[in-house]
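Only one structure is covered here, and it is reproduced in the block below.
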Amino acid sequence: MNFILSADFWFSVLAGTTPVMLATLAANIVSQSGMFNLGIEGTMLMSALMGVLVSAFTQSLFLGMLAGLLSGIILSFALGYFTLYLEAPMNSVGVAINLFSAGVTVFVLTLITGSKVTSSSLTSLTFPAVHIPLIRDIPFLGRVLSGHNLITYLGWIFAVGLSFLLYRTRLGLDIRATGRNAEAAASVGIQTNRVRFKALLLCGIFCGFGGMYLSMGALKSFTANMVAGRGFLSLAMDTLSSSHPLLGWGGSLLYGFSETITIYLQLYSDADLKVISAFPYIFIILVLVIAQLARNLLVRRKKNIQLKGR
Amino acid sequence: MNKKEMSVNIPPRRSIIMENFSIVRIAIALALALSIVFIIIYFVADDPWLAINRLVAGPFQSWRSFFSVIERAMPIIFTGLAMNIVLQSGVFNIGQDGAFYMGAVLASVVALKLPTIVGVTQFVAIFVSAMAGGIISMLPVLLYRYTKVNPIVSAIMFNSIFYYGGAYIVSTFLLERSGTWGSHAFPKEAKLGLMIPKSKMHWGALILLIVYLGVVYLMRKTALGMKIRTVGLNPTFATNVGLNSGLIILGAQFLGGSIAGMGGAIEMLGMYQRFLWQGPVNYVWDGLMVHMLANGNPAFIPVTAIFIAFLRIGSEIMSRSTNIPPEVVAFLQGIVIVLVASSKFLYGFKAKYDRKISLAQVRSDSEGEFA
């Protein structure tokens, strides 16, 4: 277990956290506005592919990024359109987005590259790694904090920015009011649908970056089903953090930690692979249960205090 | 009496299309989605007519491919029926994948580790899988009851846990240490034998038929089915009329999960020589889609499942002789689910018709009063 003390380990924890963190931010903003996006998984997958394809064909990172973000936003808006205007249940639309993306990405990939599995025959671009000038020279922390992919740092900025947006601005107040009680919000003049679409716009952007981190950052090509459940995990993180972006960041760090430790354990121990792979999920469900129980206890205690105060 | 007043007395014709609008709506959604798939094929394929011909007529080429449609549909029907019960009880419980996978694992354990007696082994395997599936499917709801953890989220976690747990059981106790990852071969007497020679149709089809009839009877004709649907449609009402909602919901999860578990066992013992599922199964989404296409009526689920299986097999046959990958069906899946789910899709026609009918009703009623 010596690896826990190494800088490489903590570096991989932060790197492994990035996609889940971005997905969690997407889940946070959507559920703050009172919706539930089961389609984050598929949205990320589509962005991952589009970013790779467009960057490969135009050889422009900027256009690739734009395509990835745009496809994320389009799929998120599709969720909004079908649930808000055509009154479809959110779960079903989310499932439809996932099925659509899972199949269509493979369809497009096969047509363009001839391979069902990977886009490695295309030379696609990747987001650069960033070395932060002063921090990189700090002995241990420098190796942990510096040298990450650009999207990782963007994600950190997003997490802080999103919590500022939600709790310190007018739009954030509108979003939270809509999420609490859409009818009450509408009655005081908030255009709830417009507010929800703004939330979905941010969701699409976060999903887009999350997906592109996988195919244009962590790896250099797209592989089929490369999101591998991270979109679903983000929903667990969202519940865990009761939709607070900074807590969500903490929750996804927990996932990054358990995922990385799983990878390291598989390298260094001879226990069965499958059991170790189940570890993050068991861990998360335990934390989820404990957090939720504690929260219930807190609510009950608050009620008791209020009763006594009367 | 002038002409205008005359026309008021004639009640408008009730149109068959509008009276069965929910079914017509689904048919239109399907037609729309299919035509989009055809359009995509038309633009992408080198030889579009060959591709479409293969997609539509391919499964009818031989008995073998025709039966393979039904074989492909069987697990979808099982999960479709499971999802039907679960969704009608008002819980979006997607823990059926875990139940399905564990069902297959436990059936393999029974088939490989217990002494084989023809008939008994199969019965024990399916029974054990059904029980385990039922319990697995209850977990998210139980967890929600005591901790208020979102059941969708916990079901997703449980699916992963049971997938890894099941794969662990196979690789620790049943693994054959040679070549590819997989268990030892099942003894021939422990499998579900062939029902129709020259195909892979096994006796599981008969069990499926019994389960199907049972579910239709349960949901449409029994008090329990009525209670499940009441709890799902209006929980407040159900509580107010004195139904024990918690118990009924749990019961529905158990029934649904046991059908999914049974499906896993039957799929494994019927279609496979050994346990080979190295990846997690993804039948829940198919089950959900099939349930929605059947308009929530369990009686139609086999039809819609066979339709989906038909398209899958057809697209695979198509991909063998053209450049179109079989994943083209995903367009259809996505579009159809979204359109069928959207309650406002084609809502205008139905609303207009309803208004016309009720207006006529009111008019003829008031005519009667004043006459």
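The values are calculated or read from the model by the stated rules, or taken from the named source; none is laboratory data. Since the model is a prediction, treat every value here as computed from it, not as a measurement. Neighbour counts are summed over all protein chains in view; Cβ atoms, including those assigned to glycine, are modelled from backbone coordinates with ideal geometry. Remember, those area values only see protein heavy atoms, side chains included, never the ligands or the DNA or RNA. Shrake-Rupley method; radii C 1.70, N 1.55, O 1.52, S 1.80 Å.
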query: Being open to solvent by 10 Å² or more (accessible area, probe 1.4 Å), more than 14 Å from chain A (Cβ to nearest Cβ) and at pLDDT 90 or above, is that true of even one residue in the range B:167-179?
result: no
field: Where residue B:349 falls short, out of the listed (1) within 14 Å of another protein chain (Cβ to nearest Cβ); (2) open to solvent by 10 Å² or more (accessible area, probe 1.4 Å); (3) at pLDDT below 90
entry: (1)
statement: Of the candidates A:205, A:290, A:282, A:305, the one satisfying the condition of being open to solvent by 60 Å² or more (accessible area, probe 1.4 Å) and either away from chain B (no Cβ under 14 Å) or of a type in the set (S, T, N, Q) (or both) is A:305
message: The conditions are (1) crowded, with 24+ Cβ neighbours inside 10 Å; (2) away from chain A (no Cβ under 14 Å); (3) more than 23 Å from residue B:125 (Cα to Cα), and residue B:269 fails exactly one of them. Which is it?
response: (3)
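Give the residue, chosen from B:306, B:313, that is open to solvent by 60 Å² or more (accessible area, probe 1.4 Å), under 30 Å from residue B:58 (Cα atoms) and at pLDDT 90 or above.
Answer to the check: B:306.
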statement: Counting only residues that are among the aliphatic types (A, V, I, L, M) and within 18 Å of residue A:101 (Cα to Cα), the range A:201-215 contains a total of 3
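Report yes if some residue within the range A:141-154 is assigned to a helix (DSSP H, G or I), touching a residue at least 24 places away in the same chain (Cβ under 8 Å), open to solvent by 50 Å² or more (accessible area, probe 1.4 Å) and over 22 Å from residue A:46 (Cβ atoms); otherwise report no. I'd like the intermediate steps shown before the answer.
Start the filter on the range A:141-154 by keeping residues that are assigned to a helix (DSSP H, G or I), which leaves A:141-145, A:150-154.
After this cut, where a residue has to be touching a residue at least 24 places away in the same chain (Cβ under 8 Å) as well, the list is A:143-145, A:150-152, A:154.
Checking which are open to solvent by 50 Å² or more (accessible area, probe 1.4 Å) leaves us with A:143, A:145, A:150.
Okay, now just the ones that are also over 22 Å from residue A:46 (Cβ atoms), so A:143, A:145.
Yes, there is a match, as at least one residue in the range A:141-154 is assigned to a helix (DSSP H, G or I), touching a residue at least 24 places away in the same chain (Cβ under 8 Å), open to solvent by 50 Å² or more (accessible area, probe 1.4 Å) and over 22 Å from residue A:46 (Cβ atoms).
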task: Please name all residue pairs, on different chains or six or more residues apart, with Cβ atoms under 8 Å, provided the first residue is in the range B:279-303 and is within 20 Å of residue B:28 (Cβ to Cβ) and the second residue is among the β-branched types (Val, Ile, Thr) and open to solvent by 30 Å² or more (accessible area, probe 1.4 Å).
output: B:294/B:303; B:295/B:23
query: Residues in the range B:284-303 that are open to solvent by 20 Å² or more (accessible area, probe 1.4 Å) and either under 14 Å from residue B:71 (Cα atoms) or within 11 Å of chain A (Cβ to nearest Cβ) (or both): how many?
result: 5
- prompt: Does residue B:164 satisfy the condition of being over 21 Å from residue B:263 (Cβ atoms) and either aromatic (Phe, Trp, Tyr) or part of a loop (DSSP other than H, G, I, E, B) (or both)?
  reply: no
- line: For the range B:98-139 the number of residues that are within 24 Å of residue B:285 (Cα to Cα) and touching a residue at least 60 places away in the same chain (Cβ under 8 Å) is 21
message: Considering only the range B:318-328, I want to know if a residue exists there that is within 14 Å of chain A (Cβ to nearest Cβ), assigned to a helix (DSSP H, G or I) and open to solvent by less than 20 Å² (accessible area, probe 1.4 Å).
response: yes
- request: Please give the helices (runs of 4 or more DSSP H) falling wholly within the range A:208-310 in which 3 or more residues are under 14 Å from the mean Cα position of the chain (by Cα).
  value: A:230-240, A:245-268
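Could you please let me know if residue A:11 is under 17 Å from residue A:128 (Cβ atoms), open to solvent by 20 Å² or more (accessible area, probe 1.4 Å) and in a helix (DSSP H, G or I)?
So residue A:11 fits the description; yes.
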